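Supplied in structure tokens, the structure appears directly below.
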Amino acid sequence: MIQDILQKEKLNETGTEKSDTAIMTSDIQTGSAGETGKIPLLIHQVYEDMNGPSEALLTISASWKKYHPVYEYRFWNKESMEDFLHVDFPEFLPVYRNYPYNVQRWDAIRYLLLYRFGGLYADMDYECFAPLDVLLQDAACCMGLEPHIHAMRLNKPFLVGNALMATVPAHPYFKMLIEDMMENQHTFFSQSRVSQILESTGPCLTTRIYNLYQDKEQIRLLPAELIAPLSFQEVRLLVEGTQSDEIDHKIEKAYAIHYYMGSW
């Protein structure tokens with residue numbers, strides 16, 4: 001069972017192939033590619049700790065290569081991320097290095113990588129169950145929504161996540177994200193550490209910029225039911241082995257699942 005494997009930091013492959021008909025297209029807020037081209041067949045994942053990812057994370061990560069065999073896979077560690085910034089975003093280096101929390105750097109680098117190269121980004125603790133091509137088809141930018149309960153706890157009607165994203169290079173939405181991080185690098189959003197992170201570089205930032213973005217038809221919002229079916233609390237139940245039939249049903253419908261294993 002998945003919960004036993006996670007507890008032991010060792011994860012086997014789970015999930016089954018999904019057919020295109022499993023997607024309820026009426027649930028997807030579509031955004032067309034227009035003249036910006038197609039999302040590159042490229043997967044990005046980042047991990048800063050020089051000791052490298054755990055065995056569990058490496059196994060979860062392998063699911064993206066399994067279900068996307070024709071995609072190029074790029075793993076970014078601390079050294080390669082620094083090299084990338086020196087070459088492509090030297091003006092952002094002071095902002096990047098001055099963030100007080102590591103997770104802010106992990107957030108920021110994903111936007112920069114996607115703006116420069118395009119492609120698909122997934123957190124290391126995100127497992128893929130089936131190819132995402134049908135979800136990304138004919139889109140210029142796709143952002144995964146967080147479970148509704150996560151949005152409710154932040155008093156928001158919805159929450160645009162940043163753990164699963166895909167885009168063409170140089171998409172203006174990602175340009176706005178980068179500009180906002182530059183402009184608000186010294187902004188004090190909250191006394192709460194978590195709120196400061198969420199607002200400065202996390203899902204509150206991606207949600208705020210989405211609300212400000214004029215051409216929302218350029219952005220496809222992927223329903224949480226398809227790419228983040230479980231809340232943080234439901235994942236904990238899954239790990240503890242106390243999940244319900246409802247949780248099992250949610251997993252069966254999903255193309256991917258976020259385990260929320262990140263360390264802040």
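The values are calculated or read from the model by the stated rules, or taken from the named source; none is laboratory data. Just so it is clear, the model here is predicted, and its values are computed rather than measured. Ideal geometry is used to build each Cβ from the backbone, glycine not excepted, and the neighbour counts take in all protein chains shown.
For segment 72-93, which residues satisfy the criterion of being of a type in the set (Phe, Trp, Tyr), over 28 Å from His258 (Cα atoms) and in a helix (DSSP H, G or I)?
Result: Phe92, single match.
Separate question: Could you go through segment 41-53 and let me know if any residue there is buried (at least 17 other Cβ atoms within 10 Å of the Cβ) and free of Cβ contacts under 8 Å to residues at least 60 places away in the same chain.
Scanning segment 41-53 turns up no residue that is buried (at least 17 other Cβ atoms within 10 Å of the Cβ) and free of Cβ contacts under 8 Å to residues at least 60 places away in the same chain.
So Tyr259 fits all but one of (1) surrounded by fewer than 20 Cβ atoms within 10 Å (Cβ to Cβ); (2) within 17 Å of the chain's Cα centre (by Cα); what number is the exception?
Just one mismatch for Tyr259, condition (1).
Same structure, new question: Only one residue in Leu177, Leu120, Leu164, Leu93 is modelled with pLDDT of 95 or more, touching a helix residue (DSSP H, G or I) at 6+ places or on another chain (Cβ under 6 Å) and within 15 Å of Ile39 (Cβ to Cβ), so which one is that?
Sole residue among the options that is modelled with pLDDT of 95 or more, touching a helix residue (DSSP H, G or I) at 6+ places or on another chain (Cβ under 6 Å) and within 15 Å of Ile39 (Cβ to Cβ): Leu164.
While we're on this one: One residue is enough: does segment 196-205 have a residue meeting the conditions acidic (Asp, Glu), under 21 Å from Ile109 (Cβ atoms) and either surrounded by fewer than 13 Cβ atoms within 10 Å (Cβ to Cβ) or without any contact (Cβ under 8 Å) to a residue 40 or more places away in the chain (or both)?
Within segment 196-205, one or more residues are acidic (Asp, Glu), under 21 Å from Ile109 (Cβ atoms) and either surrounded by fewer than 13 Cβ atoms within 10 Å (Cβ to Cβ) or without any contact (Cβ under 8 Å) to a residue 40 or more places away in the chain (or both).
Ok, one more. Go through (1) within 28 Å of Phe92 (Cα to Cα); (2) loosely packed, with under 15 Cβ neighbours inside 10 Å; (3) free of Cβ contacts under 8 Å to residues at least 40 places away in the same chain; (4) charged (D, E, K, R) and name the single condition Arg193 misses.
Only one criterion in (1) within 28 Å of Phe92 (Cα to Cα); (2) loosely packed, with under 15 Cβ neighbours inside 10 Å; (3) free of Cβ contacts under 8 Å to residues at least 40 places away in the same chain; (4) charged (D, E, K, R) is unmet by Arg193, namely (3).
Same structure again: From the list Asp83, Asp138, exactly one residue is surrounded by fewer than 18 Cβ atoms within 10 Å (Cβ to Cβ) and touching a Ser or Thr at 6+ places or on another chain (Cβ under 9 Å). Which is it?
Going through Asp83, Asp138 in turn, just one is surrounded by fewer than 18 Cβ atoms within 10 Å (Cβ to Cβ) and touching a Ser or Thr at 6+ places or on another chain (Cβ under 9 Å): Asp138.
Could I ask something else about it? Those residues that are surrounded by 13 or more Cβ atoms within 10 Å (Cβ to Cβ) and outside any helix (DSSP H, G or I), I need them from segment 60-71; list them, please.
Once the filter is applied, which keeps residues that are surrounded by 13 or more Cβ atoms within 10 Å (Cβ to Cβ) and outside any helix (DSSP H, G or I), segment 60-71 yields His68, Tyr71.
Of all the residues that make up segment 197-230, how many are in a helix (DSSP H, G or I), under 15 Å from the mean Cα position of the chain (by Cα) and not hydroxyl-bearing (Ser, Thr, Tyr)?
Of the residues in that region, 8 qualify.
Then there is this: Checking the conditions here, which among Thr207, Thr201 is closer than 25 Å to His44 by Cα and in contact with a strand residue (DSSP E or B) (Cβ under 6 Å, 6 or more places away or on another chain)?
Result: Thr207 is the single residue among Thr207, Thr201 that is closer than 25 Å to His44 by Cα and in contact with a strand residue (DSSP E or B) (Cβ under 6 Å, 6 or more places away or on another chain).
Let me ask something additional. So is Phe117 surrounded by fewer than 20 Cβ atoms within 10 Å (Cβ to Cβ) and aromatic (Phe, Trp, Tyr) or not?
Taking the combined requirement at face value, the residue satisfies it.
Taking Gln233 as meeting all but one of (1) in a loop (DSSP other than H, G, I, E, B); (2) closer than 23 Å to Val103 by Cβ, write down the number of the exception.
(1)
Could we say that Phe174 is in a loop (DSSP other than H, G, I, E, B) and of a type in the set (A, V, I, L, M, F, W, C) here?
Spelling it out, it is not the case that Phe174 is in a loop (DSSP other than H, G, I, E, B) and of a type in the set (A, V, I, L, M, F, W, C).
On to the next question. Just a yes or no: is a residue in segment 162-180 acidic (Asp, Glu) and in contact with a strand residue (DSSP E or B) (Cβ under 6 Å, 6 or more places away or on another chain)?
No, there is no match, as no residue in segment 162-180 is acidic (Asp, Glu) and in contact with a strand residue (DSSP E or B) (Cβ under 6 Å, 6 or more places away or on another chain).
If a residue has to be β-branched (Val, Ile, Thr) and either surrounded by fewer than 20 Cβ atoms within 10 Å (Cβ to Cβ) or within 18 Å of Tyr126 (Cβ to Cβ) (or both) to count, how many in segment 210-229 make the cut?
Result for segment 210-229: 1.
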